[in-house]
Amino acid sequence: MAVQTVTGPIPVEALRRTLMHEHLFIAFTGAEYDPLAVFGRAAFIAEAARRLRQLREEHGVHSFVDPCPIELGRDAAMMKEISEKSGMHVICTTGFYFEAMGLPTYWRARTVDEIAELYIREITHGIGNTCVRAGAIKVATGAPVVTELERKFLAAACISQRATGVPIITHTQDGFGGPEQQALFAEGGVPANRCLIGHCCGNADPTYHRKVVAGGSYIGFDRIGLQRFQPDTVRADNLAALVRSGHRAQIMMSQDRHCRWLGKLARQVTPEEQSHMDGLRAEGNWPPPHTYLFTDFVPMLHQRGVNQEDIASMLEDNPRRFFAGEALPAA
C-alpha cells in the first residue's frame, strides 16, 4: 500500500513518526492586497526546510501532513521544494475550507459532481500543472452546525473518497460538528475508519470525545499548543482518559501550527497577544516551532500515565493504519 506525498508515492511503512495536521504556509484570500504582507519565497522555503529538518533530527518525525485548504494559499510546488530540501515526507490535500471563512464564489456555484471532479483530478493527475498529487481529502465545517453549502462540499468529498480510496481529514470549528460529520460520511458511503475528525480537542467535554470514537473514526487531538482554544492541561487530561479507556488506536496527535502566515491573522488580536507575538518574533521563535508537542506536551502526558509505547503508537501506528485503510484493532 502506497501513500501519495508531494514528491511521489511511498510505502505506508515509510511514514514512520507522523504529524497528521500541520501547515507550512497559510494565506487567507485578500492578504495578497495588503502592501505590508511582504513574502520572500526563497527565504521562506529555506526557513521551513530548516524547521522540518529540526523535527526530523531532534524528534524523529519523518512525515508531515499539511491539509491546507485549496483557497488558503496552498502551493503544491512550494511544498514539493520544501520536502526535497528538508528530507521530510510531506502529504498535501485537496478540498476547500468552511463557509464562514472560505469556499470561493466560483466553487460555491458548482454542482457536487463538478466539485468532486476537481478533487479526483487533483488526487489522480495532479494539482494544476505541478504534477503534485494530493494524498488525502480535506473537509471543513463551521459551528454550531454544518451548513447546507458545507454539506455540498462534504458530499463531493465522499464521492472522491469512494472513487480514489484516499482518506479524509476534517476541520471542525469550536469543538462542534464531529458526530454530524460522521453521520454525513456514513450517508455518503465512506467507512468511518477512513476519516479523521479534526480539532476534537477544542471541545472540553469527554462525552463528546467518547461519541466520536464510538462512531469508529480517528479523533484529532491536533491543536496541541493552541491555548486560545483550549488549555493544554485539559487536552492532556482528555487524551489520557481516552488512552485509559482503550481508544489509543484512534487518537491522532498534532498541533495545527504553521511556518508562515501571510500578513496579519484572520482576526483582530488583542494588545496582549500582539506583545506576546512580538516578543517571540524578537527571539526568532515566531511562528512557534513545531517541536512543542515533544518538548512540552508529551511530558504532560507522561505525568498522566501515558507511556512512551502509547506515544509511539499514536504517532506511528495510527497514521500508518489510517493511510493504509486497515480496520481498527479490537479495543
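Couple of notes before you dig in:
- Qualifying residue in the range 283-304 (condition: assigned to a loop (DSSP other than H, G, I, E, B), in contact with an Asp or Glu (Cβ under 9 Å, 6 or more places away or on another chain) and open to solvent by 50 Å² or more (accessible area, probe 1.4 Å)): yes
- Residues in the range 305-317 that are surrounded by 12 or more Cβ atoms within 10 Å (Cβ to Cβ) and either of a type in the set (D, E, K, R) or at pLDDT below 95 (or both) were compared, and the one that is nearest to Leu242 (Cα to Cα) is Asp310.
- Residue count, the range 127-143 (criterion: free of Cβ contacts under 8 Å to residues at least 40 places away in the same chain and more than 14 Å from His199 (Cα to Cα)): 2
- Positions within the range 230-241 being part of a helix (DSSP H, G or I), free of Cβ contacts under 8 Å to residues at least 60 places away in the same chain and touching a helix residue (DSSP H, G or I) at 6+ places or on another chain (Cβ under 6 Å), in sequence order: Asn238, Ala241
- Boolean, Arg110 is of a type outside the set (Asp, Glu), open to solvent by 40 Å² or more (accessible area, probe 1.4 Å) and not in a helix (DSSP H, G or I): yes
- Near pairs, Cβ below 8 angstrom, 6+ apart or cross-chain, from the range 7-33 (farther than 28 Å from Gln268 by Cα and assigned to a strand (DSSP E or B)) to any residue that is of a type in the set (Phe, Trp, Tyr) and at pLDDT 95 or above: Thr18/Phe64; Leu19/Phe64
- Of the candidates Cys158, Cys201, the single residue that is under 16 Å from Met252 (Cβ atoms) and either in contact (Cβ under 8 Å) with a residue 40 or more places away in the chain or in contact with a helix residue (DSSP H, G or I) (Cβ under 7 Å, 6 or more places away or on another chain) (or both) is Cys201.
- For the range 268-282, filtering for residues that are surrounded by 10 or more Cβ atoms within 10 Å (Cβ to Cβ) and either in contact with a strand residue (DSSP E or B) (Cβ under 9 Å, 6 or more places away or on another chain) or in a helix (DSSP H, G or I) (or both) leaves 9.
- The range 15-29, subset over 14 Å from Met253 (Cβ atoms) and open to solvent by 30 Å² or more (accessible area, probe 1.4 Å), residue farthest from the chain's Cα centre (by Cα): Thr29
- Tally, over the range 318-327, of residues that are surrounded by 17 or more Cβ atoms within 10 Å (Cβ to Cβ) and out of contact with any strand residue (DSSP E or B) (no Cβ under 7 Å at 6 or more places or on another chain): 2
- For the range 34-51, a residue qualifies if it is outside any loop (DSSP other than H, G, I, E, B) and surrounded by fewer than 11 Cβ atoms within 10 Å (Cβ to Cβ), and the qualifying residues are Ala42, Ala43.
The values are calculated or read from the model by the stated rules, or taken from the named source; none is laboratory data. Worth saying up front: this structure is predicted, and the values here are computed from it rather than measured. Please note: Cβ atoms are built from the backbone with ideal geometry, for glycine as well, and neighbour counts cover all protein chains shown. Each accessible area value is taken on the protein alone, full model and side chains, heavy atoms only, with ligands, DNA and RNA left out. Shrake-Rupley method; radii C 1.70, N 1.55, O 1.52, S 1.80 Å.
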